[in-house]
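Read the structure below first, then the notes.
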Amino acid sequence: MASMRDIKRRKSSIQSTGQITKAMKLVSTVKLQRSKQIAENSRDYFDYMYRTVQSMLSKAGNIDHVYVKESECKKKAVIMITGNRGLAGGYNSNVVKLITKSELPKEDLVVYTLGKKGREAMTRYGVKLAEDYSEMIDNPEYIDAMGLCDELLKLYKAGEIGEIYLAYTHFKNTVTHEPRLMKLLPVESEETENDSINDIPMNFEPVEEEALDLIIPKYVTSLIYGGMVESVASENGARMQAMDNATSNAEEMIDKLTLLYNRARQGSITQELTEIIAGSQAQA
């Protein structure tokens with residue numbers, strides 16, 4: 001059995017850890033409320049943008065446009081959104097698994113990381129990394145998503161990359177977060193079954209090339225920014241859960257150590273009394 005001093009030292013250490021995890025939980029809770037509100041307020045717009053573009057392309061038929069047709073380039077750009085810090089349960093590792101366990105060839109990947117944890121993981125994985133954009137995820141702004149979108153579209157139109165993907169964490173609610181890998185370009189229409197509206201032809205004004213040149217950049221920017229705000233909300237929710245579990249575990253360990261300390265103390269008192277009684281009997 002460990003000595004009373006060792007038990008007391010370990011209990012003190014766990015109490016300090018528990019105070020830290022409790023404070024981190026409170027901070028994450030406050031951040032979650034703000035990020036959750038932003039994600040929920042913007043979700044309707046981005047979902048509607050996605051459905052509108054998909055519906056438009058499904059009605060338009062075959063369109064010969066760089067944003068729609070398949071590219072001959074095999075390079076695949078992946079925008080990977082993780083956190084800059086750990087202690088968030090499986091939040092970061094789940095996004096990493098989206099890429100490492102996907103069917104995307106490792107040698108063809110060019111990863112744009114928004115988050116230091118994702119960049120560290122991709123460095124170990126051995127893929128080509130683009131410039132670091134980790135500072136964007138600390139405070140997501142639409143203009144940042146627009147700048148990243150413009151850079152990727154230039155490379156895409158120049159034929160230097162053939163596909164663009166987004167790896168992020170979808171925020172369902174406070175306790176449920178779903179990692180997703182979404183293909184942004186080339187845009188693939190999703191036809192809805194039993195939808196008579198899809199039979200109506202789509203006419204573009206001005207011509208379809210000019211219309212898509214205006215719509216698709218906004219579409220891609222919207223999805224990138226939507227992924228950013230949902231990822232931030234998911235990270236805060238995951239960290240709040242992780243710190244809550246850690247605090248609960250610390251409290252359970254403190255209770256066990258308190259019981260163990262009391263037993264050791266009682267044993268020490270009993271031994272001292274036994275020695276005193278034995279000594280007095282020996283003198284009698």
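We did not get these values from a lab; they are worked out from the coordinates using the rules stated. Remember, it's a predicted structure, so these values are computed and weren't measured experimentally. Glycine gets a Cβ as well: all are built from the backbone with ideal geometry, and neighbour counts include every protein chain shown.
Which Rg and Dmax, in Å, describe the Cα atoms of the chain?
28.2, 115
For the range 51-115, go through all pairs of different Cα atoms, get the mean of 1/r, take its inverse, and jot down that Kirkwood value in Å. Don't skip to the end; give the middle numbers.
Values: mean 1/r = 0.0678 Å⁻¹.
Mean inverse Cα-Cα distance, inverted, gives 14.8 Å.
Using Cβ contacts closer than 10 Å as the measure, can you line up Asp47, Asp213 from fewest to most?
Least crowded to most crowded, the residues run Asp47, Asp213.
Show which lysines lie in cross-link reach of Lys117 when reach means a straight Cα distance below 25 angstrom and same-chain residues fewer than eight apart are skipped.
Lys22, Lys25, Lys31, Lys36, Lys75, Lys76, Lys97, Lys101, Lys106, Lys128, Lys172, Lys183
Expressed as an acute angle from 0 to 90° and rounded to the nearest 10, what is the orientation of the C-alpha long axis of helix 91-100 relative to the principal long axis of the chain?
Taking the Cα atoms of the chain, the angle to 91-100 is about 50 degrees.
Considering the alpha-carbon set of the range 145-192 alone, what are its Rg and its Dmax in angstrom?
Taking only Cα atoms of the range 145-192, I get Rg and Dmax of 13.9, 42 Å.
Can you give the direction-averaged projected area of the convex hull of the alpha-carbon atoms in the range 1-129, in nm²? Walk me through the numbers on the way to the answer.
On the way: hull surface 52.4 nm².
About 13.1 nm², averaged over all directions.
Is the C-alpha gyration tensor of the range 77-118 telling us rounded, prolate or oblate? Criteria: a/c under 1.5 is rounded; beyond that, a/b larger than b/c is prolate, otherwise oblate.
oblate
Rank the residues Met4, Met243, Met228 as a footprinting-exposure proxy: fewest other Cβ atoms within 10 Å of their Cβ go first.
With the fewest neighbours first, Met4, Met243, Met228 line up as Met4, Met243, Met228.
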